[in-house]
Amino acid sequence: MKNNLVEQLINAQLAFIDQEFSQSETIKIEFTEFYHWFRKHTLKEIWSFEYIHPLIQKQILATPASHFLIEQIAEHIRFALIHPSNDDTLIEDIIPVLTIDKIAQYVASKSGHRQALIKRIVNNPSFSSMLTQLIHHSIQDYIDNSMVNKKVPGVGRFMKMGKSVLESVTDTNLDDTVKHYLQKNIIKISQLSEQVINQQFDDHKLYHFQANLWHKIKKVPIGVLRQYIEINDLPKTVEMGHEIWEHIRQTDYLKKQVYDGIFAWYVRNEQHPFDLILRDINIDESLIQNELQTLLEPIIQKMMSSEHLKSRARIYLEKFYYSDETLKILGIEKGA
C-alpha cells in the first residue's frame, strides 16, 4: 500500500537526481572522482588472476567468431584496398625513410643469422635437386641451341660428332653422363653456391640492395597493392584465415600460451595501482575529464530524458523507503 509521505520523498529524490545529472558539470565531477578512487587501488585489490583468465579464456578461445564478424573483416579490408586515397598516396608518404634506413642497417648487420639461413637453404635436398636440374638444362641447352652452333658453318656437325664420340667412349649418352657428374659433385657445387651467395649478400651489398629497392618503390602509389590482391576473393581468403584461427584457438598449445601470458602479466602488475596500468594504455586524468566525459555525457543525458535512470532508481528507492527500518525512522506503520 502506497504512503503519501513516502511517495513525496521518493518523487523529490528522483527530481533531485534528474536535476543534478542533467548538468554536464556533475557528470564531469563524478567521472573524475571515480577515477581518483579507482586509480589508487592495485590490480590485486580489485581483480584476481582466477577471475581474469577464465573471462579471457571464454571470450577469446572458447567463443567462435560470428559469421557477421568474418564478413565485416573482409569488408573492411576490401574498403581499405579500394579507397580512393590509395591512388594519390605514395609509399614514402606513410613509411618514414629513416625507419627504412634503420631496418636496412639492422638486416644487413645480421651476418651470422643470414649465413646460417643461406647454409640451411643450400644444403636442403630440394635446393640441390633444383640446382642440379638448372645446371643440367643449361648445359643441354648450350649443346643443342648454342649461338655458335647456329651461326658458324660446320660447327654444328662438329658438336654432334663430339657428342657421339663421348657417348661411345663412356658407353652411355651425354645426358646421363652430365646428370651423373652433377649428382656426384652436387655437394661441392652447393658449397660453391653458398660461398657465392654469401659474397653477393655481404653486409655492404645487402644494405645497398635494400636502399636501391626503397628508391625504386618509394614513389609507387599504395593503390598498386590491388595488382597483387584479388579483391573479389577476399571473402574466401578471410574465411581460410578464420579456419586456421578456429583450429588453433582450440589447441592446447594456444590455451597454454594464453594462460602463461596472462599469468606473467598479472604477476608483473598485481602490486601496481591502476594509475600506472591505465597510463600504460594512455588513459590519464586528462582523458577522463575531457574525451571520455564528452563521449559518455550524451549517453547519460539520453538516459535521463528517456526516464530510464529515474525508473531504475525508483525501484531501489521504493525498496529503501518501504523497508521496515526506514518506515520505523519515519514513524509510519507498515501498511498505513
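The values are calculated or read from the model by the stated rules, or taken from the named source; none is laboratory data. All values derive from a computational prediction rather than experimental measurement. Here Cβ is always computed from backbone atoms with ideal geometry, including for glycine, and neighbour counts include all displayed protein chains.
Suppose the filter is closer than 30 Å to HIS76 by Cα, in contact (Cβ under 8 Å) with a residue 24 or more places away in the chain and surrounded by 15 or more Cβ atoms within 10 Å (Cβ to Cβ); does ARG226 pass it? Step through it out loud before you land on a result.
On the way: closer than 30 Å to HIS76 by Cα: yes; in contact (Cβ under 8 Å) with a residue 24 or more places away in the chain: yes; surrounded by 15 or more Cβ atoms within 10 Å (Cβ to Cβ): no.
Taking the combined requirement at face value, the residue does not satisfy it.
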Over region 225-248, the set of residues modelled with pLDDT of 90 or more and among the β-branched types (Val, Ile, Thr) is THR237, VAL238, ILE244, ILE248
Residues of region 1-35 satisfying the condition of being touching a helix residue (DSSP H, G or I) at 6+ places or on another chain (Cβ under 8 Å) and without any contact (Cβ under 8 Å) to a residue 40 or more places away in the chain: GLU20, THR26
Hey, which of the helices (runs of 4 or more DSSP H) in region 91-188, taking only ones fully inside, have at least 1 residues that are at pLDDT 90 or above? 91-94, 97-109, 111-122
Just one of (1) in contact (Cβ under 8 Å) with a residue 24 or more places away in the chain; (2) touching a helix residue (DSSP H, G or I) at 6+ places or on another chain (Cβ under 9 Å); (3) under 29 Å from GLN59 (Cα atoms) trips up TRP245, so point out which. (2)
Just to be sure I understand the filter: pairs with C-beta atoms under 9 Å, separated by 6 or more residues or on different chains, first member in region 188-207 and closer than 15 Å to SER111 by Cα, second member outside any helix (DSSP H, G or I). Which pairs pass? GLU194/ASN123; ASP203/LYS110
Of the numbered conditions (1) within 41 Å of the chain's Cα centre (by Cα); (2) modelled with pLDDT under 90; (3) assigned to a helix (DSSP H, G or I); (4) surrounded by fewer than 15 Cβ atoms within 10 Å (Cβ to Cβ), ASN282 satisfies every one except a single condition; which is it? (3)
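Test of understanding: among GLN271, GLN257, GLN250, which residue is surrounded by 10 or more Cβ atoms within 10 Å (Cβ to Cβ) and either part of a helix (DSSP H, G or I) or not assigned by TED's automatic domain parsing to the domain that holds HIS36 (or both)?
Numbers: GLN271 fails: either part of a helix (DSSP H, G or I) or not assigned by TED's automatic domain parsing to the domain that holds HIS36 (or both); GLN250 fails: either part of a helix (DSSP H, G or I) or not assigned by TED's automatic domain parsing to the domain that holds HIS36 (or both).
Criteria check complete, one pass: GLN257.
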